[in-house]
Amino acid sequence: MNVHASSIDVRSVTKIFGSQRALSDVSVTFHGGEVHALAGLNGSGKSTLVKLLAGVYSLDAGEIAIDGETVPDLNPVSAGEFGLQFLHQDPVVFSNLTVADNVSIGSRYRSSSPARVHRRQEQDVARDVFERLGVAHLDPVTPMADLSPAERTMVAIARAVQDLWNDRGVRLLVLDEPTASLPEHEVTLVTDMVRRVAAEGVAVLFITHDLDMVLELADRVTVLRDGELVQTSPTSDMTKESLASSMVGGAETSVVRDVTRIPRAEQPVSFTADAISGGSVAGVSLAVRRGEIVGIAGLLGSGRSTLLRLLYGAQSRRSGVVELDGGVLKQASPRHARKAGIGFVPEDRRRHGALPAMTMADNVTIASMGGFASPLWIRRSRERQSAADTMEQFDVRPRDPDKSFRLFSGGNQQKAIIGRWARISPKVLLLDEPTQGVDVHARVQIHDAIRRLAGGGMSVLVVSSDFGELLGLCDRVLVMRRGRIRGQVDPSVTPEEQLLHMAASDDA
């Protein structure tokens, strides 16, 4: 195979889910030997395009061609056979196995026999791949658990492209946010390796929200917005400002928002966090006034969700001081946070914020059982009526407290979870992606509910990957990057592309 002549053509591709066009007539070519960045906000169609290339989704219109030949019925198996390899943000590695084993798994131990694993041969294969990719310092006999996050990513890349030097070959390597969760000092290790892969003639499709990385690493960039192709351009022709504008819609969003806001400056500070660290978060301090809605903007890997988990005590090893109405929270745990008056709606409501197999009444009332329960029994009729009242207040439909929670739409589930916390009137409510996966009508209702709660004196911290949502909902927005707060903006005078530029660039 002559990998240097390889090209992957996406021709007028369309993908429809129900009434929604996730991709509409998108065409782009990925050339062997170049790094091609794919940029766009959440919901732009990036993931859909990748899943079409991987054969996870089928095409509704258009075609995919490899080296000029149309590929019919692409599926996950045939994608691998055609030399299309994919690596996600958190690559699958096996920490209990050696580095060599993690590489060999990708080839199904091709250098061994069905009877036994030939350890020395497998180690030699891994060592040869590492040398070719310029990462010869990786030792095949080292346990994966002993490697740094960047080194684990490098092993996963080596596993994906190990067929480059045999008769199978590799045409395309798709990397989806491979550096988003890495410490800043380790990012260069991975990007240097990506350049070496491209130098071997592989087409590299690199997905990232980091504008600096797009312009530094990629030869060309394709921008998607709302499922449509905005442009494909050489990165040498772009600036961070023009790229950010292309992603969010340029002049259409560069307007001052006419949002009526209730002045909060005269309200006392209710919630403070000083030098909070843990996980990817390093030394974050903030203060929220009573009745204030404060947004936290940041890209994937910025530490935005980790910060909320640390403040709630849902992530271990928190350092720093959290105070609520002047009192210090001495223990970092969800139980103590709830008792002090902090509520938390997590990003993944189904896994971490709900009891899907139980009824809506159970989910609404689980944090406020004192009015109708004792250690011996629960007064079910009173519980049902209380849940129904909350469902009415937050417009959760259908009004059936006995219906299984999992059978409600995403928007109604989210309204119910917010209603659950409203029942116990926390002093502070932490919201992680409160409108993710909900329809437009539910989104408006959730925003109205948040404003009502803040109007009653509740302090609210909101994390959202939708920067337009933060600018329209919040009194002010803090910007996180690489685990730290790097600035603050006034939503009434800040265009969306400026906020994106701050979150995605080191020198904004």
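The values are calculated or read from the model by the stated rules, or taken from the named source; none is laboratory data. This one's a predicted model, so the numbers in the text were calculated from it and none came from an experiment. Every residue, glycine as well, gets a Cβ built from its backbone with ideal geometry; the counts of neighbours run over all protein chains shown.
Being part of a strand (DSSP E or B), at negative phi and not polar (S, T, N, Q) is true for just one of LEU175, LEU164, LEU138. Which residue is that?
On the way: LEU164 fails: part of a strand (DSSP E or B); LEU138 fails: part of a strand (DSSP E or B).
From the options LEU175, LEU164, LEU138, the qualifying one is LEU175.
Counting only residues that are in contact (Cβ under 8 Å) with a residue 40 or more places away in the chain, of a type in the set (Lys, Arg) and either touching a strand residue (DSSP E or B) at 6+ places or on another chain (Cβ under 8 Å) or within 17 Å of ARG349 (Cα to Cα) (or both), how many does the range 407-457 have?
3
Look through LEU478, LEU431, LEU461, LEU453 and report the one residue that is aliphatic (A, V, I, L, M) and either farther than 19 Å from ILE296 by Cα or not in a strand (DSSP E or B) (or both). Give the steps one after another, and end with the answer.
Values: LEU478 fails: either farther than 19 Å from ILE296 by Cα or not in a strand (DSSP E or B) (or both); LEU431 fails: either farther than 19 Å from ILE296 by Cα or not in a strand (DSSP E or B) (or both); LEU461 fails: either farther than 19 Å from ILE296 by Cα or not in a strand (DSSP E or B) (or both).
Answer to the check: LEU453.
Going through LEU215, LEU175, LEU164 one at a time, which residue ends up being surrounded by 22 or more Cβ atoms within 10 Å (Cβ to Cβ) and closer than 24 Å to MET247 by Cα?
LEU175
Filter the range 114-151 down to the residues that are farther than 13 Å from ASN102 by Cβ and of a type in the set (D, E, K, R), then identify the one that is surrounded by the fewest Cβ atoms within 10 Å (Cβ to Cβ).
Top of the filtered list is ARG116.
Step by step: first the residues of the range 203-247, then only those that are among the hydroxyl-bearing types (Ser, Thr, Tyr) and within 16 Å of LEU41 (Cβ to Cβ), then the one that is nearest to the chain's Cα centre (by Cα). Which residue is that? Let's see the steps before the verdict.
Residues of the range 203-247 among the hydroxyl-bearing types (Ser, Thr, Tyr): 208, 222, 232-233, 235-236, 239, 242, 245-246.
Now drop any that are not within 16 Å of LEU41 (Cβ to Cβ), which leaves 208, 222, 242, 245-246.
Numbers: THR208: 11, THR222: 20, SER242: 23, SER245: 21, SER246: 21 Å.
Result: THR208.
Scan the range 473-481 and give yes if some residue there is in contact (Cβ under 8 Å) with a residue 40 or more places away in the chain, closer than 17 Å to THR390 by Cβ and of a type in the set (A, V, I, L, M), otherwise no.
Within the range 473-481, the first condition is being in contact (Cβ under 8 Å) with a residue 40 or more places away in the chain, and the residues that meet it are 473-481.
Next, from what is left, pick out any that are closer than 17 Å to THR390 by Cβ: none.
No, there is no match, as no residue in the range 473-481 is in contact (Cβ under 8 Å) with a residue 40 or more places away in the chain, closer than 17 Å to THR390 by Cβ and of a type in the set (A, V, I, L, M).
Of the numbered conditions (1) at pLDDT 95 or above; (2) assigned by TED's automatic domain parsing to the domain that holds ALA198, LEU286 satisfies every one except a single condition; which is it?
Just one mismatch for LEU286, condition (2).
Quick one: in the range 67-76, which of the residues that are surrounded by 15 or more Cβ atoms within 10 Å (Cβ to Cβ) and over 30 Å from the mean Cα position of the chain (by Cα) is farthest from VAL28 (Cα to Cα)?
VAL71
Being under 15 Å from ARG420 (Cβ atoms) and free of Cβ contacts under 8 Å to residues at least 12 places away in the same chain is the filter here, so list the residues in the range 374-390 that pass it.
Matches in the range 374-390: ASP389 only.
Output the residues belonging to the range 347-378 that are among the β-branched types (Val, Ile, Thr) and outside any helix (DSSP H, G or I). Before you say what the answer is, go through the steps one by one.
To start, the set of residues in the range 347-378 that are among the β-branched types (Val, Ile, Thr) comprises 359, 364-366, 378.
Scanning the range 347-378 gives THR359, ILE366, ILE378.
Could you identify the single residue in SER386, SER381 that is of a type in the set (Ser, Thr, Tyr), exposed (fewer than 14 other Cβ atoms within 10 Å of the Cβ), not in a loop (DSSP other than H, G, I, E, B) and not assigned by TED's automatic domain parsing to the domain that holds ARG290? Explain how you work it out, then say what you get.
Values: SER386 fails: exposed (fewer than 14 other Cβ atoms within 10 Å of the Cβ).
One residue alone meets the criteria, SER381.
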